[in-house]
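Asks: Below is a structure I'd like to ask you about.
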Amino acid sequence: MSQRTFSIIKPDAVRKGYTAAILAEIEKAGFKIIAIKKLSISKSQAEGFYYVHKERPFFDSLTSFMSSGPIFPLVLEKENAIADLRKLMGATNPANAEEGTIRKKFAGSIEENAIHGSDAEDTAKFEIGYFFAGYELA
Ligand code: UDP
């Protein structure tokens, strides 16, 4: 049964010109791109997106980074999309990411790690709704 997940190509990857290469990896892995857009978000919009991390020591730095330049939010679909995207992304810290993963290839640091992917069904639902309206997903 097909499942949807949410992803972001983060500002570091966009700045370095990796957007198309990352999208190619995603499509090659069998994901269908349901929706995509380019936008820049404010610090407070980044704080709203990452509110679950608000008590973490990296929250201020992370939300400054995420509002530092254009990003590409994405809605992706395939069987087992949530878990499969997490696997394709690799570990949060690229130093620990497996060979062949997007973070191994494109991430620069534990913070500037190229890509976001939802970690569960409820977060995927919240995150898709944070960036896309229903009519963009039909
Ligand atoms: N992050 C960070 N420092 C850390 C852990 C995480 O800057 O020590 C950032 C990083 O950009 C990461 C995001 O916060 O992708 C969300 O953290 P999470 O633990 O949810 O990692 P993910 O699910 O993205 O692998």
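Asks: Name the residues whose placed amide hydrogens come within less than 5 Å of the amide hydrogen of Ile115, ignoring near sequence neighbours (fewer than 5 apart) on the same chain.
Replies: Under 5 Å from the amide H of Ile115: Lys10.
Asks: How much accessible area per residue does segment 72-138 have, counting only protein heavy atoms and a probe of 1.4 Å, in square angstrom?
Replies: 51 Å²
Asks: What shape does the chain take by its C-alpha gyration tensor, where a ≥ b ≥ c are the square roots of the eigenvalues and a/c under 1.5 counts as rounded, a/b above b/c as prolate, and the rest as oblate?
Replies: rounded
Asks: Take the Cα radius of gyration of segment 1-55 and divide it by 2.2 N^0.38 Å, with N its residue count; two decimals is plenty.
Replies: Cα Rg divided by the expected 2.2 N^0.38 Å: 1.34.
Asks: Mean residue ellipticity at 222 nm from the helices of the chain, using -39,500 (n - 2.57) per DSSP H segment of n ≥ 4 over the full residue count, to the nearest 500 deg cm²/dmol?
Replies: Helices in the chain give a 222 nm mean residue ellipticity of -10500 deg cm²/dmol.
The values are calculated or read from the model by the stated rules, or taken from the named source; none is laboratory data. Computed from a predicted model, the values in this text were never measured in an experiment. All accessible areas refer to the heavy atoms of the entire protein, side chains included, with ligands and DNA or RNA removed. Shrake-Rupley method; radii C 1.70, N 1.55, O 1.52, S 1.80 Å.
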